[in-house]
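Novice: Can you keep this structure in mind? I'll have questions shortly.
The values are calculated or read from the model by the stated rules, or taken from the named source; none is laboratory data. Predicted model, so just to flag it, every value in this text is computed and none were measured. Quick reminder, even Gly has a Cβ in these numbers, built from the backbone with ideal geometry, and neighbours come from all protein chains shown. Heavy atoms of the whole protein, side chains included, go into the accessibility calculation; ligands, DNA and RNA do not. Shrake-Rupley method; radii C 1.70, N 1.55, O 1.52, S 1.80 Å.
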Amino acid sequence: MMFDVRLFLAITAGQSAGIASRVLRRGGGTTLPGLVARRIDPHTLRKLTARLPQGVALLSGTNGKTTTTRMIAATLAADGRALLHNRAGANLVSGVTTTALTGASPDGRLRAQIALFETDEAAFPDVAAETSPRLVVLHNLFRDQLDRYGEVDTVAAGWRAALERLPATTTVLLNADDPAVAALGEGLTAQVRYYGLNDVRHAAGSAAQIGDARFCRRCGAPYRYTALFYAHVGHYRCEACGAARPIPVYALERLDLHGADHATLCLTFPGGAMEVHLPLPGLYNAINALAATAACLELGVAAARIRASLERFDAAFGRIERIDAGGRPLLIALIKNPVGATETVRMLTEARKFHTSTAPEVSPAPSHHDSPLIASNTNHNLHLFILINDRHADGTDVSWLWDAEFERLTGCVAHVTVSGTRAADMAVRLKYAGVEPERMTIADDPSHALDAALNRLPPGATLYVLPTYTAMLDLRAELVRRGWARPFWEH
């Protein structure tokens, strides 16, 4: 391997920028090093990843990519793989380059064997072009931040162009249940395999009105669904041209959800099957685990290792993250688009029903903040803290709040505290969804709002926190300041 002076300068300058960023407390140094290095050598990422003996795996999607990638990373680490992973979530080209820099010596040698990168939907084509991945996982595609990404078809076209450039040595894993994603597998040189949910019991209660890909990708006729899990994700067929959901090689045959705590998954794959007790709630986390299982099997990890890793898994910061806030439990669930918000609300309301049916009725002592009417109805009702921001990283258009199915909260809320730069918009949305105004508190300052929400929390209850992305970062910074959480870059 010849010494590359330009790469040496890029690595040295980038790593120095990261150290300075952390020392000066300007952040975790998750993006700046990559920006600096690429100014010196635009091919830094390409050169570094080409030296990995086991290559690169990429994962992208609108929802669930951080959690799914962390599941894969934990499993690869348990399998003894030396791994590069953008664990802090910086998933643009600059963040991916930063991750590569952290594992590089000044002469460009890497201690890692394999790289695993979560990529932003819009950044995926560029990252794929620079890293020549051995494995690509495309998880789902929903409407998200129209001011940044445009419509679903725009993102899909970029993905399709990137996939068409991949060689036969690349394996592409696609979600069979998302027609916008599954259709990308047609006619590729790369090897294509599918994963999907076969347990149609979970089609009940789906939010069909917010589908973004309800028409055939081949001929334009509407799909006919025999099962619809959420949005446009389900079992579908075009009766005009015959295009249909591919048969998944990796299948979630049975899924049993156990409230807001965990789930039991029965998975099948070529040559085997296994049952996994996943310590995460919700339908979408089960599908995240299915995608992670498929990816790890493709990377040569034994099924027993995968099961053991998933059963010990801790969620990423802000994604079903449980925090002890001075003796009061918080559960943080990021929301950032209609589908993600709807499925999070669905998870919470179905978990409430689960606990109502399995737990004895115990009336808590009423708080001095609550009227007798409200206090008498808090046994299994939800205590929520919703923070909505409209900064660039959140998407400046918050009209998506009206497409999310907050109506599911009607009759399920003990109290909700609302904050963030668009707190008033969220409060109006909840009012129209059927949440009584007397059960709402609006607080402009997030720190004061956190105190107000915690002070209203009765003994034994959990505060469910639903923030957008920058609101989640602000909240976690406050939790770190209070000593209740660690900085996200230490996760």
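Novice: Would you calculate the separation in nanometres between label points at ARG305 and THR410, each defined as 7 Å from the Cα along the Cα-to-beta-carbon direction?
Specialist: 5.1
Novice: How large is the convex hull of the C-alpha atoms of the range 1-70 per residue, in Å³?
Specialist: Values: hull volume 8.8 nm³, N = 70.
Value for the range 1-70: 125 Å³ per residue.
Novice: Ok, one more. Using every pair of alpha-carbon atoms in the chain, split the distances into 10 Å bins beginning at 0 and state the percent of pairs per bin, rounded to integers.
Specialist: It works out to 4, 19, 29, 27, 15, 5, 1, 0, in whole percents.
Novice: Shifting gears a bit: What is the range 28-68 by shape, rounded, prolate or oblate, if you read a ≥ b ≥ c off the alpha carbon gyration tensor as root eigenvalues and call it rounded for a/c under 1.5, prolate for a/b larger than b/c, and oblate otherwise? Before the final figure, lay out each step's value.
Specialist: Numbers: a/c = 2.61, a/b = 1.32, b/c = 1.97.
Oblate, since a/c reaches 1.5 and b/c is not below a/b.
Novice: With a 1.4 Å probe and all protein chains kept in place, how do SER21, SER16 rank by accessible area, largest first?
Specialist: Values: SER21 10, SER16 65 Å².
Per-residue accessible area, sorted high to low, gives SER16, SER21.
Novice: Fully extended, how many nm does the chain gain between LYS431 and THR154 (0.36 nm per residue separation, minus their Cα-Cα distance)?
Specialist: Values: separation 277, 0.36 × 277 = 99.72 nm, distance 3.39 nm.
Extra length available between LYS431 and THR154 comes to 96.3 nm.
Novice: At 24 Å minimum axial length over the Cα atoms and a Kyte-Doolittle cut of 0.0, report the qualifying DSSP H helices in the chain, or say none.
Specialist: Correct list, ordered by number: 5-23.
Novice: For ARG39, put the label point 7 Å out on the Cα→Cβ axis and report which residues of the range 94-133 keep their amide N under 19 Å from it.
Specialist: 94-102
Novice: Shifting gears a bit: Once a ≥ b ≥ c are taken as the square roots of the eigenvalues of the Cα gyration tensor of the range 204-352, is the result rounded (a/c under 1.5), prolate (a/b larger than b/c) or oblate (a/b not larger than b/c)? All intermediate terms of the calculation are to be shown ahead of the outcome.
Specialist: Values: a/c = 2.40, a/b = 1.29, b/c = 1.85.
Here the range 204-352 falls in the oblate category.
Novice: If each of ASP107 and VAL23 carries a label point 7 Å out from its Cα toward its Cβ, how far apart are those two points in nm?
Specialist: Computed distance between label sites ASP107 and VAL23 equals 2.6 nm.
Novice: Cβ neighbours within 10 Å, averaged per peptide: list 434-443, 95-104, 457-466 in order, most packed at the top.
Specialist: Details: 434-443: 16.2, 95-104: 25.7, 457-466: 19.2.
Highest-to-lowest ranking by the protection proxy: 95-104, 457-466, 434-443.
Novice: State, to one decimal in nm², a quarter of the convex hull surface area for the C-alpha atoms of the range 64-187, i.e. the direction-averaged projected area. Write out the running numbers ahead of the final one.
Specialist: Numbers: hull surface 32.7 nm².
Value for the range 64-187: 8.2 nm².
Novice: In the full protein assembly as shown, how much of THR226 is accessible to a 1.4 Å probe, in Å² to the nearest 10?
Specialist: 100
Novice: Among 406-419, 182-195, how do they line up from the highest to the lowest mean number of other beta-carbon atoms within 10 Å?
Specialist: Values: 406-419: 21.2, 182-195: 18.4.
Top to bottom by mean Cβ count within 10 Å: 406-419, 182-195.
Novice: To continue, here is another question. Give me the extension gain from HIS262 to ALA78: residue separation times 0.36 nm, minus the current Cα-Cα distance, reported in nm with one decimal. Can you show the working numbers first?
Specialist: Values: separation 184, 0.36 × 184 = 66.24 nm, distance 2.14 nm.
Gain on stretching HIS262 to ALA78: 64.1 nm.
Novice: On to the next question. Could you name the aspartates and glutamates in cross-link range of LYS431, using Cα to Cα under 15 Å and dropping any fewer than eight places away on the same chain?
Specialist: ASP403, GLU405, GLU407
Novice: Further question on the same structure: Out of residues 5 or more away from HIS235 or on other chains, whose amide H comes under 5 Å of its own, with H placed 1.01 Å from N in the peptide plane?
Specialist: THR226, ALA227, LEU228, PHE229
Novice: Same structure again: Taking only protein heavy atoms into account and a 1.4 Å probe, give the accessible area per residue of the range 380-491 in Å².
Specialist: 40
Novice: With r as the distance between the Cβ atoms of ARG165 and MET2 and R0 = 30 Å, compute the FRET efficiency 1/(1 + (r/R0)^6) and round to 0.05. Don't skip to the end; give the middle numbers.
Specialist: Working: r = 27 Å, r/R0 = 0.90.
It comes out at approximately 0.65.
Novice: R0 = 30 Å: FRET efficiency of SER399 with SER447, Cβ-based, nearest 0.05? Walk me through the numbers on the way to the answer.
Specialist: On the way: r = 28 Å, r/R0 = 0.92.
Taking R0 as 30 Å, the efficiency between SER399 and SER447 is 0.60.
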